[in-house]
1. Being over 21 Å from the mean Cα position of the chain (by Cα), away from the ligand (no atom under 16 Å from the Cβ) and assigned to a helix (DSSP H, G or I) is the filter here, so list the residues in region 146-157 that pass it.
2. Every residue in region 171-212 that is open to solvent by 10 Å² or more (accessible area, probe 1.4 Å), among the charged types (D, E, K, R) and closer than 28 Å to PRO86 by Cα, please.
3. Could you tell me which of the residues LEU160, LEU170, LEU184 is assigned to a strand (DSSP E or B) and either within 16 Å of the ligand (Cβ to nearest atom) or more than 13 Å from the chain's Cα centre (by Cα) (or both)?
4. Can you name the residue in region 32-76 that is of a type in the set (Gly, Ala, Ser) and outside any strand (DSSP E or B) and, of all such residues, is surrounded by the most Cβ atoms within 10 Å (Cβ to Cβ)?
5. If you take the residues in region 104-131 that are in contact with a Ser or Thr (Cβ under 9 Å, 6 or more places away or on another chain) and loosely packed, with under 15 Cβ neighbours inside 10 Å, which one is farthest from LEU143 (Cα to Cα)?
6. For LEU93, indicate whether it is buried (at least 21 other Cβ atoms within 10 Å of the Cβ) and not aromatic (Phe, Trp, Tyr).
7. If you scan region 187-229, which residues turn out to be within 7 Å of the ligand (Cβ to nearest atom), in a helix (DSSP H, G or I) and out of contact with any helix residue (DSSP H, G or I) (no Cβ under 9 Å at 6 or more places or on another chain)?
Amino acid sequence: MNLLLLQQEDLLDSHTALLTGRQHQHLKTVHKKTTGDQLKAGLVGGLMGSAEIIEQNETRTRIHLQLEQSPPPPLPLRLLLALPRPRMLARSLEHLSTLGVKDIHLLQTARVEKSYWQSPELKPEKIHQHLLLGLEQARDTLLPRVHLHTRFRPFVEDELPGLICDTRKLVAHPGNYPQCPRGLNEAVTLAIGPEGGFVDYEIEKLQEQGFTAVQLGPRILRVETAVTALLARLF
Ligand code: SAM
């Protein structure tokens, strides 16, 4: 935990917060923080800064806050991600949140197992928890928005055109395609496929919407590795 991330309900007033549960335990037992110690803190959706522990006992920690700093700028990216298997989804969400992706669209595609949509990892509270862990890691306070699309074609034909105007549209797809561009200074919509990749029909439908297929070389990367490699190149 590189940032103590507070929710509105943790605040007693604009400069004081009371921690119980996971964050209290983490501060006390993992970070061994005690009265008088300083740490970095932020308010979900708000400013970041410093906190000083002003009182601590077995069950709670009270802190004084000085929050004056803006969170880091988000990546100018909308990500379309074929729904990964549940264990990978949890890691990917945390990872994307850490990397500064704020707009995540999880998508059904031909090679996504339908049963993945029943996973408890897709419950709003689980998604929220993974995103918070990612923000704490990165030192950021702005929660990504996660949208679920259980049908590929209606999403791509009906919803996608309204989302992607004025962005550069790329789909990562191994094969004989141009190399993924580097160091872009513009908003991007990026599509990343499932473990089995996109099928031809899906690539064609995305191309109809103005997407260009790009590749990262001959090595086939796991989804979460591909995400990092793609974002590092693009931005
Ligand atoms: N067998 C699949 C294929 O050939 O498409 C591999 C899928 S890969 C495990 C999952 C996703 O990561 C791909 O659909 C693609 O979006 C991205 N990816 C992985 N390696 C890539 C590469 N070398 N170039 C472009 N995209 C890649």
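The values are calculated or read from the model by the stated rules, or taken from the named source; none is laboratory data. Quick caveat: nothing in here was measured; it's all calculated off a predicted structure. Here the Cβ is made from the backbone with ideal geometry for all residues, glycine too, and neighbour counts use every protein chain on show. For accessibility, only protein heavy atoms count, side chains too; no ligands or nucleic acids. Shrake-Rupley method; radii C 1.70, N 1.55, O 1.52, S 1.80 Å.
1. Passing the criteria: ARG153, PRO154, GLU157.
2. Answer for region 171-212, where residues must be open to solvent by 10 Å² or more (accessible area, probe 1.4 Å), among the charged types (D, E, K, R) and closer than 28 Å to PRO86 by Cα: GLU195, ASP200, GLU204, LYS205.
3. Numbers: LEU160 fails: assigned to a strand (DSSP E or B); LEU184 fails: assigned to a strand (DSSP E or B).
Unique residue meeting the criteria: LEU170.
4. Filtering region 32-76 down to residues of a type in the set (Gly, Ala, Ser) leaves 36, 41-42, 45-46, 49-51, 70.
Right, trim to outside any strand (DSSP E or B) and you get 36, 45-46, 70.
Details: GLY36: 9, GLY45: 11, GLY46: 13, SER70: 10.
Step by step, filter region 32-76, then rank; the result is GLY46.
5. That would be LYS114.
6. Details: buried (at least 21 other Cβ atoms within 10 Å of the Cβ): yes; not aromatic (Phe, Trp, Tyr): yes.
Here the answer is yes, as LEU93 does meet what is asked.
7. Scanning region 187-229 gives a single hit, ALA226.
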